[in-house]
Amino acid sequence: MHSVLGDRKSVAILLGPALLVYSLIMLVPMLWSLGYTFFTGSVISGFTWAGTANFSKLFDDPALPDALWFTVKYAVVITVGQVLVGYLLALLYVYFLRRAGSVIRTLVFFPVVLPTVAVALLFQKFFEYAPQTGPVNAVIEAFGGTGVDWFSTPGHAFLVVALMDIWRSMGFYAVLLYAGLLDIPDEMMEAASMDGAGTWRQIRSIVLPLSLPVLVSSLVFSINGTLKAFDSIYALTGGGPGSATTPLTLYMYQTSFAYGDYGYGSTIALTLTMLCLLVTIFIFRGTRRDLAQG
Amino acid sequence: MKRIPGYLCVALLLLVVTYPLVWLFLGSFKTQDEFLNNPTTALPESFTNFANYTQAWSAVATYLQNSLLTVLPSLALIVVFGTAAGFALEVLVWKGRQTTLMLFLAGIMIPGQMILLPLFTIYFNLHLTGTLWPLIITYTAIGLPLTVFMMATYFRAIPREVFEAAAIDGASVIRSFVSVGFPMMRNSVLTIALVQFFFLWNDLLIALTFTTDDSKRTVQVGLLNFTGQFGVVEYGPTFAAICINVLLILAIYIFLNQRVMRGLAAGAVKG
C-alpha cells in the first residue's frame, strides 16, 4: 500500500507543476535579485558591475533611514491600531451583540475585501480640502474649526493613512479575535460574576489572559502585512508630501522604476526582506518562550 | 438604561463603516457643478443621472476585461496545481515532503519587491511586457504558497484509510486524486479560490509593474490613472468608476459573505 502511495512518478506529476512554477517565478528571481545587489543599471540601460557600492550607498543614503523609520513606525502604529480596534469590536460582538450580531459582523467585514485602490481614492476624496470640501472638513467647519489640508503635512497625511488602514481591516481582526473570544467558557464568566466581579474586572482578569494567544497571532499576522504595505500608501499619498510617507517598499519601487537603478532597488528589497525575517524570528522566539513558561 | 452606551457604540460603528460608502454612491450621481457648489453631504439632485456611469464605463470596461482575463486563468491554475501539490505533500509518502512544504511556506513571507526586478527583466527579454502573460504567470506563482499550505492542511483532516481503500481497489495515485481527493475538496477549493480571487483582484504592485501598455491595465491600475487622466478632476466619472469597482465586489460579497469571512480568517497566515 505504501508503495502505491509512495509512487515517485505520481509525486512528480502532482507536485511537479506547482513546484516548477513556484521555483521559476519566486525562488530563482529571489536569488537573482541577490545577484543584482552587486550591479548598477537596469534592463533598459544595461547592467554594470558595482561591487559592494550598493551596500556602502545603503549607509550613506540619507533617504534610507527615513524610509526604514517610516516602515517601522507605520507597522507598529497600524498593527497596534488594527488589533486594538479589532479587539474592542470583538468584545462588543461577544458581550453586547451576542449571537445576534451576525449582520453587523458581516457589514463591518465588508471593507476588508474592497480593493485597496478604491478605498484609497475614496479616502482621498473624503478628506479633500479643495476644490471640493470633503465630508471630514465639512464637519470640522460645521463645528467652527478651519478645514485641514490633510495631504500637505506629514503628520496629517500619516493620520489619514492610519485611519484608512484601520478602517479597512478592523472587521477582519474583529472576526479573527471574535472566534478566539467565543472559546472562553461562559461558566467561567458566570462564576466570576457570582463572586462579585464587575464587567471591567471580568475582562481584565479572565477575558484578556485567555485571549492572549489569539491576540499574539493577530499581532503576528498584522505586522507581517504592514511591514510589506505598498498598495494603500501608493494609492493614497504616493509617498508624499515629499517623501514623508515613503516606506521601504515604495522607496524600492521608486528607485527601481523612476530612477532605473535595479541594483540599489534590489539592495533596498533585501533590506526589507531582512527586516521581515528579523521580526519573524524575534516573534517566534518570543512566543516559544511564552509557551515554555505556560 | 445600562445598554444605551452599547447601542451608541454600535450606531457609531455603523456610521463609520457605511457612511463613506454611502457618500461615494451618492456622489456617483452628482454633476461636476453639484460637487463644486453644493455641500458635500447633500443628496444628488437626480438619481437617474447615469451620465457619470456611461462615461466611466467606456474606460473601465477594458480594465475589467483585462482583470478577468488575468485573474480567472491564474485562479484555475492556482487551484489545480495547488490542490495537486497539497495532495502530494500530505497524502503521499516520500522523503523530503516536510522540507518541500517548508519551502512553499517560505514563499508566504517573501515581499513582492524581492522578485519584481528579475521578473521584469525576464518578461522584458521575452517581449511579454505588452501582454497579460506576465500578470497571469506571476499571479499563479504568488498564489501557490498559501494554496499549497492550506490544501495540505485540509488533506490532513481526511482519514488516510480513504486513499488506502482506493489503492486497494486498484486505483492509481493519479486516479485516486482525480476521482476521490479533488472531489472531496470541492468545498475547500471554492473557499481558497475565493480568497485568492480577492488577493489577485485587489493587487496593485504586480499589475502596476508589469503593465506598460494602457490598453492592458487591470481595474486597479486603471482606476489609479483614471483620476489623473484629466487636467481637472472630474468628480462624477471618478466616483462612478470607484463605485463600479465597489459594487462588483459587493455583488460577490452579498452571496458568499460567510464563506469569504471564514476563508480569509483561515488564510490569515498571509497577513
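Normalising the average separation of contacting C-alpha pairs (under 8 angstrom, six or more residues apart) by the number of residues puts the relative contact order of segment A:211-280 at 25 percent. Rounded to the nearest 500, the helix-only mean residue ellipticity at 222 nm of chain A stands at -21500 deg cm²/dmol, with each DSSP H run of n ≥ 4 adding -39,500 (n - 2.57). Among A:148, A:117, A:11, determine the one that fluctuates most according to a GNM of chain A built with springs between C-alpha atoms less than 10 Å apart. The residue with the greatest mean-square fluctuation here is A:11.
Translational diffusion coefficient of chain A (Stokes-Einstein, Kirkwood radius from Cα pairs, 4 °C, 1.567 mPa s): 57 µm²/s. Seen against the Cα atoms of chain B and their longest principal axis, helix B:113-125 is set at about 90 degrees. Taking all Cα pairs closer than 8 Å and separated by 6 or more residues, the relative contact order of chain A comes to 28 percent.
A protection proxy built from the mean count of other Cβ atoms within 10 Å ranks the segments A:19-30, B:28-39, most packed first, as A:19-30, B:28-39. Residue by residue along A:83-96, Cβ atoms of other protein chains within 10 Å of the local Cβ number 1 on average. Taking 0.36 nm per residue of separation and subtracting the current Cα-Cα distance, fully stretching the chain between residue B:38 and residue B:254 would add 74.5 nm.
Convex hull volume of the C-alpha atoms in the protein assembly as shown, normalised per residue: 187 Å³. Legend: translational diffusion of chain B by Stokes-Einstein, Rh = Kirkwood radius over C-alpha pairs, 4 °C, 1.567 mPa s; D = 60 µm²/s. Ranked by the mean number of other Cβ atoms within 10 Å of their residues, highest first, the peptides B:190-202, B:135-147 fall in the order B:135-147, B:190-202. The angle between the Cα long axis of helix B:97-109 and the longest principal axis of the Cα atoms of chain B comes to about 10 degrees, rounded to the nearest 10. With only alpha-carbon pairs counted, each pair once and no self-pairs, how large is the Kirkwood hydrodynamic radius of segment B:160-268 in angstroms? After inverting the pairwise mean of 1/r, the radius is 17.5 Å. Using 17 Å as the cut-off for backbone N distance, which residues of segment A:168-186 belong to the label zone defined by a point 7 Å from the Cα of residue A:197 along Cα→Cβ? Backbone N within reach: A:181-186. Under conditions of 10 °C and 1.306 mPa s, segment A:80-223 yields 92 µm² s⁻¹ as its translational diffusion coefficient, taking Rh as the Kirkwood radius over Cα pairs in the Stokes-Einstein equation.
The calculated FRET efficiency for residue A:66 paired with residue B:168, based on their beta-carbon distance and R0 = 51 Å, is about 0.20. Between residue B:95 and residue A:259, the C-beta separation translates, for a Förster distance of 60 Å, into a calculated FRET efficiency of about 0.80. With each label modelled as a point 7 angstrom along the Cα→C-beta vector, the residue A:73-residue B:8 pair spans 3.4 nm. Solvent-accessible area lost on pairing A with B (1.4 Å probe, both sides summed) amounts to about 8300 Å². Helical runs (DSSP H, four residues minimum) scored at -39500 (n - 2.57) apiece and divided by the length of chain B put the mean residue ellipticity at 222 nm at -24000 deg cm²/dmol.
Could you check how much of the accessible area of the protein assembly as shown is carbon and sulfur, as a whole percent, using a 1.4 Å probe?
Accessible surface attributable to carbon and sulfur in the protein assembly as shown totals 68 percent.
The values are calculated or read from the model by the stated rules, or taken from the named source; none is laboratory data. Note that the coordinates shown come from a computational prediction; the quantities given were computed from them, not determined experimentally. Cβ: placed from backbone, ideal geometry, glycine included. Neighbour counts: every protein chain shown. For the accessible areas, the whole protein counts, side chains as well, though only heavy atoms, and no ligand, DNA or RNA atoms are used. Shrake-Rupley method; radii C 1.70, N 1.55, O 1.52, S 1.80 Å.
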